[in-house]
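Heads up: the structure comes next, in structure tokens.
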Amino acid sequence: MARSSGGGPTRVLLWVFGGLSLALLLSWGWARFRPDPLERPLSDAKRVIRVQVWNGSGEPGVGLRAASHLREGGFQVVEVRNADRSDYFETLVVSRRDDMTPATTVAQYLGSPPVIRQVWDSDQADVTLVLGNDRSRVRIEP
């Protein structure tokens, strides 16, 4: 006669409970110790990035919300105004310097909209953010 192993359903429940406990522990560890994707790199923390925000979406208040979000991220917003037109299709981050690092840092913070270079000799801003109609794809609020 074959001997049956005792505690069949109990053993299964222990394995399920153990697996769930391990999954919860790993989830907590990942949430607690992973790097924050919105945190600016330490090398950029020493340099203030000056940003102009131009609302080209046609929706009132979008520029102010984006400026507030940028300030929370440690960027210095030097100007908020309407763009030259209100029908920009795509949000753009414009580098105003030869060095594209400040513009790419702003773009990464906002969710990686396209970055273009348009150098000028003004000391007013390093980067210009032109908000377009696709602003829902860009993080402009925490």
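In this label model, residue 98 and residue 47 are separated by 1.3 nm, measuring between points 7 Å along each Cα→Cβ vector.
For semi-axes √(5λ) of the Cα gyration tensor in Å, the value calculated from this model appears in (1) 25, 20, 14; (2) 29, 16, 13; (3) 50, 18, 12 under label (3). Computed from the C-beta positions of residue 34 and residue 108, the FRET efficiency with R₀ = 22 Å rounds to 0.85. Taking 73, 29, 58 as the candidate residues, the one with maximal mean-square fluctuation in a Gaussian network model of the chain, Cα springs under 10 Å, is 29. Multiplying the residue separation of residue 11 and residue 139 by 0.36 nm and subtracting their alpha-carbon distance yields 41.3 nm.
On the beta carbon distance between residue 72 and residue 121, with R0 = 41 Å, the FRET formula returns roughly 0.85.
Quick note: the coordinates plus some simple rules give every number you see, no bench work behind them. What you see is a predicted model; the values in this text were computed from it and never measured. Quick reminder, even Gly has a Cβ in these numbers, built from the backbone with ideal geometry, and neighbours come from all protein chains shown.
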